[in-house]
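Every number in this text was worked out from the coordinates using simple rules, so none of it is lab data. Not measured: the values here are computed from a predicted model. Cβ placement follows ideal geometry from the backbone for every residue including glycine, while neighbour counts extend to all protein chains displayed.
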Amino acid sequence: MIHPKKTITIDLNGRPASKLDLKGWLIHFNLALDIIIHDMKSKKFSTSLELADETTNFERHVLALEDRKFYKHNGIDYISLLRIGKQFLKRKRLGGVSTIEQQYVRTVLNRRERTLERKSHEIILSWLLSKRSTKNDILRAYLGSAYFGYNLNNCDVAAKLLFNVDAASCNNSQSALIASLLVYPLPKKVIKNSHANHYFPIDDVDEFIAQQAKHAPHWSRRVLLRKAYSESLIKDQKA
């Protein structure tokens with residue numbers, strides 16, 4: 001029987017006492033993988049992306065920003081592993097080099113600590129997940145549960161709030177903004193200010209971001225740069 005998501009932290013604390021307990025670790029990772037697969041099945045058709053026959057504008061922007069080699073790797077970007085090694089050796093915080101699979105594993109298991117142990121477990125589970133699921137199922141399950149801002153834990157929820165459309169229908173500018181929210185989530189104060197000033201649904205994306213400079217200057221500046229970067233990457237892909 002698969003445990004509900006709210007008990008995941010408790011279930012996954014039962015790690016083998018010894019790092020050499022191979023059987024214990026196999027059980028541990030299989031339990032974690034079962035929880036992830038269960039979450040993925042529960043996300044099936046939870047967003048408009050599931051109804052799209054081809055990769056949507058939104059998905060292209062997400063992959064351009066988050067994981068450009070997504071369809072070429074098996075859940076592990078080995079070049080990024082070298083960066084993790086350098087971060088560890090220099091005693092820097094580990095982060096910024098996760099594949100979509102790794103981000104999805106982290107989201108489901110709710111493991112946020114920046115340690116080598118968490119990262120290594122995340123990598124193993126991502127590789128196992130790639131053997132059990134298709135790329136599109138993984139990407140769409142992730143976007144159906146990813147955090148885009150205050151009370152926005154689903155790409156369609158974010159798209160509906162911002163533009164009154166679903167994520168699969170977003171144009172390039174709309175897609176670039178929502179994809180940027182994966183790194184710079186929409187703050188509560190921006191949402192409250194936008195409701196108060198009737199900014200939703202957004203007509204001009206860049207104008208909306210500029211309007212938030214007074215209330216959230218750091219967010220406004222960073223998300224505008226990331227949005228522009230996403231648009232430039234997509235333009236280069238089409239060239």
Value of [θ]222 nm, deg cm²/dmol, for the chain, DSSP H segments ≥ 4, -39500 (n - 2.57) each, nearest 500: -18000 deg cm²/dmol
Cβ-defined net charge surrounding residue 122, 12 Å radius [Lys, Arg +1; Asp, Glu -1]: +3
Shape call, region 154-239: gyration tensor on alpha carbons, a/c limit 1.5: oblate
Length-normalised contact order for the chain - Cα pairs under 8 Å, 6+ apart - percent: 21
Listed pairs 135/160; 44/119; 69/192; 69/189; 135/214; 41/72 exceeding 31 Å between Cα atoms: 69/192; 69/189; 135/214
Whole-number D in µm² s⁻¹ for region 88-239, Kirkwood Cα-pair radius fed into Stokes-Einstein, 10 °C, 1.306 mPa s: 94
Dipole moment magnitude, nearest 20 debye, the chain about Cα centre, only Lys, Arg, Asp, Glu C-beta charged: 1200
Summed residue charge, Cβ within 11 Å of residue 180's Cβ, Lys/Arg positive, Asp/Glu negative: +1
Full-extension gain in nm, residue 18 to residue 215, via 0.36 nm per residue minus C-alpha separation: 65.9 nm
Of 79, 57, 230, farthest towards positive along the dipole that unit charges on Lys, Arg, Asp, Glu beta carbons give the chain: 79
About the Cα centre, charge dipole magnitude for region 100-193 (Lys/Arg +1, Asp/Glu -1 at Cβ), debye: 260
Dipole-positive endmost among 37, 155, 173 within the chain (Cβ charges, Cα centre): 37
